[in-house]
Amino acid sequence: MRRPWTAEEDQILRDRYPTSSARAMAELLGRTLSAVQSRTHKLRIHQQPRWTAVDRRALRAGLSEGRTYETLARELDRSRKAVKHEALAMGLAKGTATRVTWTPAMEAFLLAHYAVQSAAWIADQLGATRLQVQNKVRRLGLRKRGRLTPQAEAVLWELRDQEGVIDYVAKMFDHSRRAIQRHLEELERRGGPARPAGNGPAGTTQEETGHDG
């Protein structure tokens, strides 16, 4: 029997698939590779090309000259969201960023999601910058969970052979680079993440037998 896609899963695909891989999303969501590919095709979500040193220099220069995210998105052939996220990751906060007035509802959202979501993701949901979210986190005295979530483990393990994976996962899940490096070494010692309960000896699930859409 096919497991329906939830609105939360669709949002995760919209947020992360453009800059990740279908295989990483399959691991993250507990879906088959074909199911992710089919869903992203239906939602018309496309992967963005990886950022190169030339792209980042163009982004830095464009922002310093006052060009908007929309203009740079057209010039770099990327989405506005991808340009904004990369600018925030590079610490290129735009001078036109508006001041955020934190409402009780916004604080509640932050408290509910900070333990398992990145500051960049929360900022995007609240219409704030990553720096504004991180400043609020410090004022509230919030701390990440000591260990990575199963989703973060899956992404780290799937991308372990790719250059820059330590920095990528550290930024995505708001952990220190040292903590991610230690966790990857631990995963390598034990041969990967623990298999979810209920899987067979080969780690197969109902979806992997071809019953999932």
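One residue stands out among those in the range 55-84 that are in contact (Cβ under 8 Å) with a residue 24 or more places away in the chain and among the aliphatic types (A, V, I, L, M): the one that is nearest to Asp15 (Cα to Cα), which is Ala82. Of Gly66, Gly62, all but one fail to be small (Gly, Ala, Ser), at pLDDT 75 or above and at positive phi; the exception is Gly66.
The condition of being more than 22 Å from Pro18 (Cβ to Cβ) and either modelled with pLDDT of 85 or more or loosely packed, with under 12 Cβ neighbours inside 10 Å (or both) does not hold for Arg195. Glu153: buried (at least 20 other Cβ atoms within 10 Å of the Cβ), modelled with pLDDT of 75 or more and assigned to a helix (DSSP H, G or I), yes or no? The answer is yes for Glu153. Restricting Thr32, Thr52, Thr129, Thr40 to residues that are at negative phi and touching a residue at least 60 places away in the same chain (Cβ under 8 Å) narrows the list to Thr32.
Let's see how each residue does on (1) loosely packed, with under 12 Cβ neighbours inside 10 Å; (2) touching a Gly at 6+ places or on another chain (Cβ under 9 Å); (3) farther than 29 Å from Leu142 by Cα:
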position	(1), (2), (3)
Val54	yes, no, yes
Arg57	yes, no, yes
Leu72	no, yes, yes
Arg80	no, no, yes
Gly91	yes, no, no
Val100	no, yes, no
Thr103	yes, no, no
Glu107	no, no, no
Ala119	no, no, no
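Pairs meeting the criteria (first residue in the range 159-188 and in a helix (DSSP H, G or I), second residue among the small types (Gly, Ala, Ser) and loosely packed, with under 12 Cβ neighbours inside 10 Å, beta carbons under 7 Å, at least 6 apart or on different chains) are Ala170/Ser176. For the range 1-69, the helices (runs of 4 or more DSSP H) that sit wholly inside it and include 2 or more residues that are under 20 Å from the mean Cα position of the chain (by Cα) and more than 16 Å from Ala89 (Cα to Cα) are 7-16, 22-29, 33-43.
The values are calculated or read from the model by the stated rules, or taken from the named source; none is laboratory data. Here the structure is a predicted model, which means the values were calculated and not measured. All Cβ positions, glycine included, derive from the backbone under ideal geometry; neighbour counts span all protein chains shown.
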